[in-house]
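Take a look at the structure set out below.
Derivation of every value follows stated rules applied to the coordinates shown; laboratory data play no part. Only a predicted model underlies this, so the values are computations on that prediction, with no experimental measurement involved. FYI the Cβ positions are ideal-geometry reconstructions off the backbone, even for glycines, and counts take in every protein chain you see.
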Amino acid sequence: MSKSVLILPGDGIGPEIVTEAKRVLELVNQQDKLGLVFSEALVGGAAIDADGVPLPPATLAAAQSADAILLGAVGGPKWDTIPDFQIRPEKGLLGIRSNLQLFGNLRPAILYPQLAHASSLKPEIVAGLDILIVRELTGGIYFGKPRGIREKEGGIREGYNTYVYDENEIRRIGRVAFEAARQRGKRLCSVDKANVLEVTVLWREIMEELAKDYPDVELSHMYVDNAAMQLVRAPKQFDVVVTGNMFGDILSDAAAMLTGSIGMLPSASLDENGKGMYEPCHGSAPDIAGQGKANPLATILSAAMMLRYSLNAGATADRIEAAVSRVLDQNVRTADIMSEGMQQVSTSEMGDAVVAALSA
Ligand code: NAD
Ligand code: IPM
Ligand code: MN
C-alpha cells in the first residue's frame, strides 16, 4: 500500500536542505520498497509570494490528507516588514501545527561521537550526550488569547500575550514524555517556572499526578532558568525533558549546540495518533541561504524520524542514521561542524555522501 509524503520546502535554506533529504528518501524508497509517493506544496514566505497567505487552503488540505509531512524552514527578512502580522511566514508553520493538533514535539539532542570537537563545549561535557526534549507545540503563550497590541489610557501602546494551558493539554504532553522516558533512561525532568507563573503551578501538579501511573519513571522538576544553566553546565544529567511551548523552543536551540550545531537537530511533531510533521529545529538561515553552506543532516535525520514514527519503516530509519554516522566517520563536514583536519563540503556534497553511504 502506498503512503503519501507531503514536502514543504519553505524559505531560505529550506529548499536546499529538503532537496538533499528528498534524495535520501527517494533512494531508500526504491531500496526498501517503501511505496512512498511524494508531493510538494508552498508554505511560509514562498506561499505569501505566490498566493498572498502563508498557509494556502490547498497546502493545509494536502497536509491534512498526507500520511506524513517533511518541512524545511520558513521565514526571512523579506517578509519581516509586512504590516499585517497575520501575513508572516511563521504563521504558516504554526497554522499547520495547530490545525493538525501536532502537540507532541520530540527534539532529540544526540552527540555523534565524531562531533565531540565541533561543540562549543568541552568534549568531556558532551561526550555520550543523548537527551530528548519533549516540547508542547500547540498551546501555551504561542496560542493563548487574548493577544495583540492595544492602546491604553494616555495613548500608550501595550503588547500582550497570554500564557495558558488547561489540564488536558498538560496531561497529553505529559503522557508523551512519560512514555518516551519509559522507553529510554526512565528519568523525566519537567521544566517550569512554578515559582512565578500559576500556569506552571498547574503544569507541575499534573506532572505529579501522572507520575503515579508511571512508577518506573523518576520525575523531577526544575525551573527554566536553572535548566538553561544546567544544560550547558552538565547536560548529561538529563534523560527526557518535558516543557511548554516557549521554554521548549529556547531550550532546544541551546541543546542543539551541545550536538555540535543546530544543523544536527531533527524533530518530530506528532498528533494523538502518531501522524506527524518532521522538520529540522533550525530556521531558514537567511545569512547563508543560496550559498550551498547549510548542513542538511538535521533534515535528513528528520526524514529518518518520519520513517520511524509515521511510516512504519524503523529499519530504514536506522539505516539512514547509520549512514549519517558513516559519513561523519569519513571526516566529511559542512562549515557549521567543521574542525581541523576535516574535509569541508557543500550542502549537496553532504547529500551525495549520505546517498553514497546508503548505497554502499
Ligand atoms: P536560524 O536557525 O535560521 O539561524 C540561526 C543561525 O544558525 C544562523 O547563523 C544560521 O546560519 C545557522 N544555521 C541554521 N541552520 C543551519 C544549518 N542547517 N546549517 C548551518 N547553519 C545553520 O534562526 P534565525 O536566524 O533566528 O531565524 C531566521 C528565520 O528562520 C526567521 O525568519 C525565523 O522566524 C525562522 N525560523 C524558522 C523555523 C522553522 O521554520 N522551523 C525555526 C526557527 C526560525
Ligand atoms: C521552531 C521555530 C518556530 C517556533 C517559529 C519559526 C514559529 O523557532 O520550530 O523552533 O518558535 O516554534
Ligand atoms: Mn525555534
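Before moving on, here are some points about what is shown:
- 3J(HN,Hα) couplings calculated from phi for segment 340-356 with the Karplus curve 6.51 cos²θ - 1.76 cosθ + 1.60 (θ = phi - 60°) are, in sequence order, 4, x, 8, 9, 7, 10, 8, 4, 6, 5, 5, x, 4, 5, 5, 4, 5 Hz; Gly and Pro show x.
- Think of each Lys and Arg Cβ as +1 and each Asp and Glu Cβ as -1; about the Cα centre, that makes the dipole of the chain roughly 300 debye.
- The number of Lys pairs in segment 139-258 with C-alpha atoms less than 28 Å apart, excluding pairs fewer than 8 positions apart on the same chain, is 6.
- Shown here for segment 223-263: chymotrypsin sites (Phe, Trp or Tyr not before Pro) in loop regions (DSSP other than H, G, I, E, B) with at most 15 other Cβ atoms within 10 Å, of which there are none.
- Two-site FRET efficiency, Glu205 against Ile149, from Cβ-Cβ distance with R₀ of 25 Å, rounded to 0.05: 0.15
- MRE, 222 nm, helices only [DSSP H, n ≥ 4, -39500 (n - 2.57), over the chain, to nearest 500]: -12500 deg cm²/dmol
- Under-5 Å amide H pairs with Ser220, H placed in peptide plane, nonlocal only: Leu188, Cys189, Ser190
- Three semi-axes of the equivalent ellipsoid, segment 1-133, Cα gyration tensor, whole Å, largest first: 29, 23, 14
- By the count of other C-beta atoms within 10 Å, a proxy for reagent exposure, Val126, Val74 are ordered fewest to most as Val126, Val74.
- Signed unit charges on C-beta, dipole axis of the chain, positive-most listed residue His221, Cys281, Leu202: His221
- The label-point distance for Lys78 and Ser65, in a model that sets each label 7 Å from Cα toward Cβ, rounds to 2.8 nm.
- Amide H contacts under 5 Å for Gly72: Leu8, Gly10, restricted to partners 5 or more places along the chain or on a different chain, H placed in the peptide plane at 1.01 Å from N.
- Over segment 68-224, the hull volume per residue, using the convex hull of the C-alpha atoms, is 194 Å³.
- Cα centroid of segment 1-44 to Cα centroid of segment 300-353, whole Å: 15 Å
- Peptides 293-304, 192-203, 251-262 ordered by average Cβ neighbours within 10 Å, highest first: 293-304, 251-262, 192-203
- Considering only alpha-carbon pairs that sit under 8 angstrom and 6 or more positions apart, the relative contact order computed for the chain is 21 percent.
- What you get for segment 139-258, charging only the Cβ of Lys and Arg (+1) and of Asp and Glu (-1), is a dipole of about 280 debye around the Cα centre.
- Per-selection Kirkwood Rh - segment 139-258 (Cα, Å, 1 d.p.): 15.4 Å
- Leading residue at positive end of dipole, segment 139-258 (Cβ point charges), from Ala256, Ile156, Gly139: Ala256
- For the chain, the alpha carbon convex hull comes to 144 Å³ per residue, rounded to a whole number.
- Relative contact order (percent, whole number), segment 139-258, Cα cutoff 8 Å, 6+ residue spacing: 28 percent
- Eigen-decomposition of the gyration tensor built on the alpha-carbon atoms of segment 73-153 gives equivalent ellipsoid semi-axes of 35, 17, 14 angstrom, largest listed first.
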